Every structure is written in C-alpha cells, then in structure tokens.
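Have a look at the structure below before the remarks.
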Amino acid sequence: MIELKDRTALVTGGARGIGRAIALALAKAGCNVMIGDLGASDSAPTDWAYELASSDDVAATVASADSIQATNLNVTDASSCADSVRTTLDAFGSLDILINNAGIVASGPLATFSEADWERVFAVNCKGIFLMTQAAQSALTAAATEHGHAAVINTASIAGKQGYANMSAYCGSKFAAIGITQSMAAELAPAHITVNAICPGMVGTAMWLDHLLPTNATERDAKNDEFEAIMQKQIPMGRPQSAEDMGEAAVYLASAANVTGIALNVAGGVQMG
Ligand code: NAD
C-alpha cells in the first residue's frame, strides 16, 4: 500500500462523489486532508441544472475520517482560492498535494445551449484549475523543497479526449484541462511539482444520475440500476467506474515523483488514447 504520511492535501469539490472518494483514499494513505467545496457554506448556489453539494454532504465527509477538515471554497473566485490555501496551512502546516477536482456538467443541443451555461462550465472546469493552482503555487513549492516533491492532480475526463454530441462546453473544458495540465507540468517541473490529470470514465455520481442519464426514474436506486445496466454493455471491463477507482489513481499520482504531464484514463477500456 502506498503511504503518504505527514503530507497534506487540498481536494476541491471534495464534499461528495469523486472528490469525496479521493479525500478518503488520501486520508487512508496517511494524509491530512482539507476539502474545499461550495457545500461548506450555508448559501451554496441552487441555480444549476442539478443540485451541487450540500452542507450535509460536507459534514458526512468530514465525519468519515479524523484527518479530514472542510473549508468553504468557490474555485471561480481568486480570493476564495487564496483563503482555502491559508486555511489549509493554518490547519495542517503545509500543502503537498492539490487536487483540482471541482467540476460541473451541462449538456444540450448547440442550438439552444445558453451562453451563461457555457461560461460557467469553463469558469469552474478550467479557470478553477488556474486560480487554485496559482493560489497554491508558493505553498506547493515550499512543500516540494521540504519533502522532495509536491503534486497537482486535475480531474479531467475521457470527455477531454473525445467529443460527444450535446457536450461541446463540457468536452471543450476537459480538453482544455488536459492542455492546462501539460503546460503546468512543464512549467512547474523545475520546482519538483508534478502535474497530472485523471480522466474518469463513467462514475455514477450526481452528474450522471441527476443530469446526463436518459431516464424517467426518480429514485436514486432505480437510476443507479439503469446506469449500471447501460454501462455494463458499453464498457469493455464490464462495469462503470467507481469513485474509489479515482481515489486509487490519485494516491498513486500523488506519490509518483517522476511522473508528470500525463492524463491517466481510469475508464475500464472505454477510452484508450
Ligand atoms: P459531483 O457533482 O458529485 O461533484 C462535484 C463537486 O464539485 C460537488 O461537490 C460540487 O459542490 C463541487 N463544486 C461545483 N462547483 C464548485 C465550485 N465553483 N467551487 C467549489 N466546488 C464546486 O460530480 P463528480 O462526478 O464527483 O465530479 C467530480 C469531477 O469529476 C468533475 O471535475 C467532473 O467533471 C469529473 N468527471 C466525472 C465523471 C463522472 O462520470 N461522474 C467522469 C469524468 C470526469
């Protein structure tokens, strides 16, 4: 088992879904973890196509390990990003691993897709990576000096490697996330900061169950069953991905001091390039 003892991680969008599983996997490997999420505030926005994380989601994730704390974070706001880094340093003394995982999806035909939704998808999925990494850069540099290396891991997507109908905003933002990953990897290598992306395949989180899945079901369990049945047929390995699969990949990339600039598919063979 990979150990990350005495390391500190900040996981954006860590209240639920993939971010929560990454936070738990890092905590299990020995890290102190700060989760940053909109859901940590009482005034989380409710104006998106599906509900984003709630304060209950944040509380549940914090309660699941002694080494996990939470802070309110909006990755589209530079001062909020800076605050989350300060809070992490105040709580744990260093920042070794930044997981830029917060993301939103919106799908719909080009003809009717709104400009506002386009801008918000790019603001969270791309500008969020830029603002958070910029805010964390000096803390990561200090951690790399102290511990040998530091790591940035961006949750991109297989939608960053291939386009899908009705998904131009989301796919565009995820292709961009991979480009940002490569640029930052080249730039931050001399500081011994690795920068990699994870490209999840299909994970049954709110993005799928509350937005992308074509279904009339309203109950979570029924939606989950439909999702599983569809994905079992589409994915070569015969099952959808779990959020825990992404946690394993994040722990590996956080520990791999000489791996940088990659976009790692964790997708059961559904995307191989
Ligand atoms: P999710 O909706 O469960 O999690 C996203 C989290 O990000 C939520 O907790 C939400 O509150 C938070 N968030 C949204 N906007 C934010 C902001 N401005 N600032 C801070 N936090 C914010 O969905 P998920 O599937 O767990 O998604 C996590 C990441 O994985 C996203 O980047 C997503 O694009 C990516 N991804 C998901 C899948 C999938 O199949 N579910 C596949 C590929 C990539």
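Suppose all protein chains stay in the model; what accessible area per residue would a 1.4 Å probe give for the chain, in Å²?
44 Å²
Quick one: which residues, 5 or more positions from Asn265 or on another chain, have an amide H under 5 Å from its amide H? H modelled 1.01 Å from N in the peptide plane, none for Pro or chain starts.
Close amide H contacts, sequence-distant or interchain: Cys199.
Mind grabbing the accessible area of Leu73 for me, 1.4 Å probe, Å², rounded to tens?
Its accessible surface works out to 0 Å², give or take rounding.
Say R0 is 45 Å: what FRET efficiency, to the nearest 0.05, do Val259 and Thr215 get from their beta-carbon distance?
About 0.75, to the nearest 0.05.
Given the whole protein assembly as supplied and a 1.4 Å probe, what does the accessible area of Ser41 come to in Å², nearest 10?
My reading of the accessible area for Ser41 is about 20 Å².
In terms of modelled amide H atoms, which long-range or inter-chain residues lie less than 5 Å from the amide H of Thr71?
Amide H neighbours of Thr71, under 5 Å, 5+ apart: Ile35, Gly36, Asp37.
How large are Rg and Dmax for region 1-155 when only the alpha carbon atoms are used, in Å?
Cα-based Rg and Dmax for region 1-155 come out at 15.5, 52 Å.
What distance in nm separates the simple spin-label points at Lys5 and Lys233, each placed 7 Å from Cα in the Cβ direction?
That separation, rounded to one decimal, is 5.0 nm.
In nm, to one decimal, how far is the Ala78 label point from the Ser64 one, both placed 7 Å along Cα→Cβ?
Here the modelled spin labels are 3.4 nm apart.
Treating cross-link reach as a plain straight distance, find the lysines whose alpha-carbon is under 27 Å from the alpha-carbon of Lys161, omitting any fewer than eight places away in the same chain.
Straight-distance partners of Lys161: Lys127, Lys174, Lys223, Lys233.
With 23 Å as the cut-off, how large is the P(r) tail for the chain, expressed as percent of Cα-Cα pairs?
Tail of the P(r) past 23 Å holds 49 percent of the pairs.
Where the centre of each part is set by its Cα atoms, how far does region 1-19 sit from region 204-244, in angstrom?
Each part reduced to its Cα centre gives a spacing of 24 Å.
To check my understanding: the extent here is largest minus smallest coordinate of the Cα atoms along each principal axis. What are those three numbers for region 1-82, in Å, largest first?
So the extents along the principal axes, rounded to whole Å, are 41, 24, 18.
Using R₀ = 45 Å, calculate the FRET efficiency as 1/(1 + (r/R₀)^6) where r is the Cβ-Cβ separation of His147 and Thr112; round to 0.05.
0.35
At a probe radius of 1.4 Å, what is the per-residue accessible area of Thr112, in Å² to the nearest 10?
Ignoring ligands and nucleic acids, Thr112 comes out at about 110 Å².
Determine the calculated [θ] at 222 nm for the chain from helices alone, applying -39500 (n - 2.57) to every DSSP H run no shorter than 4 residues and normalising by the residue count; nearest 500 deg cm²/dmol.
-13500 deg cm²/dmol
Under a GNM of the chain (C-alpha, springs under 10 Å), which listed residue has the highest mean-square fluctuation: Asn100, Asn125, Asn166?
Asn166
Return the carbon/sulfur percentage of the accessible area of the chain, one whole number, probe 1.4 Å, all protein chains in place.
Roughly 51 percent, rounded to a whole number.
Only loop residues by DSSP count here, and only those with at most 10 other Cβ atoms within 10 Å; note down the GluC sites (Glu not before Pro) in region 187-263 that meet that.
Answer by residue number: Glu219.
Normalised by the empirical 2.2 N^0.38 Å for globular proteins, what value does the Cα Rg of region 155-221 take?
Working: Rg = 15.5 Å, N = 67, 2.2 N^0.38 = 10.9 Å.
It is 1.42.
The values are calculated or read from the model by the stated rules, or taken from the named source; none is laboratory data. Just so it is clear, the model here is predicted, and its values are computed rather than measured. When we count neighbours, we look across all protein chains shown, and the Cβ atoms used for this are built from the backbone with ideal geometry, even at glycine. SASA here: full protein model, heavy atoms, side chains in, ligands and nucleic acids out. Shrake-Rupley method; radii C 1.70, N 1.55, O 1.52, S 1.80 Å.
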